[in-house]
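A.B. asks: Here's a structure for you.
The values are calculated or read from the model by the stated rules, or taken from the named source; none is laboratory data. Remember, it's a predicted structure, so these values are computed and weren't measured experimentally. Cβ placement follows ideal geometry from the backbone for every residue including glycine, while neighbour counts extend to all protein chains displayed.
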Amino acid sequence: MNNRYDAINQASSISLDFEGKAIAARQGETVATALLAANPGYTGTNPVSGRRRSPYCLMGVCFECLVEIDGRPNQRACMVPVRESMIVRRQSGLRPLALKGLQK
C-alpha cells in the first residue's frame, strides 16, 4: 500500500462534488488534498490577474486554495475536512466579505 488510491480502498471512502463531477476522498483528509489527488487543473482564479490558482502551502497561509464550499465563498480548501456529498466550486474573481457587526 504505497499510494493514495490503495489507501482509499482500505480507509473510509467518501465522495464530494467538484464542479459537477464526483471526486473520491478519504475520511479525515482536507478538500485541498482530495482535489490535488483528483487533479482538476485549478481550483479558482486570482481576483486581480485572472491567473489560475491551486492549493500551494496546505497550511492556511497563502490563500491560493480559496473555493466555494456548499454555497459559502472564501473557504480555504486546505483547512476544511471533507464530508460526504459536499459541493465544491471554483472561486473566480472577488467575493464579498461578511463583516460581522458592521452590517445594518
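A.B. asks: Take the residues in segment 63-81 that are closer than 14 Å to GLU19 by Cα and among the charged types (D, E, K, R), then tell me which one is farthest from the chain's Cα centre (by Cα).
C.D. replies: ASP70
A.B. asks: A further question follows. Could you list, in sequence order, all residues of segment 59-69 that are part of a loop (DSSP other than H, G, I, E, B) and buried (at least 17 other Cβ atoms within 10 Å of the Cβ)?
C.D. replies: Across segment 59-69, the qualifying residues are GLU64, CYS65.
A.B. asks: Among the basic types (Lys, Arg), at pLDDT 95 or above and surrounded by 16 or more Cβ atoms within 10 Å (Cβ to Cβ): does that describe ARG53?
C.D. replies: No.
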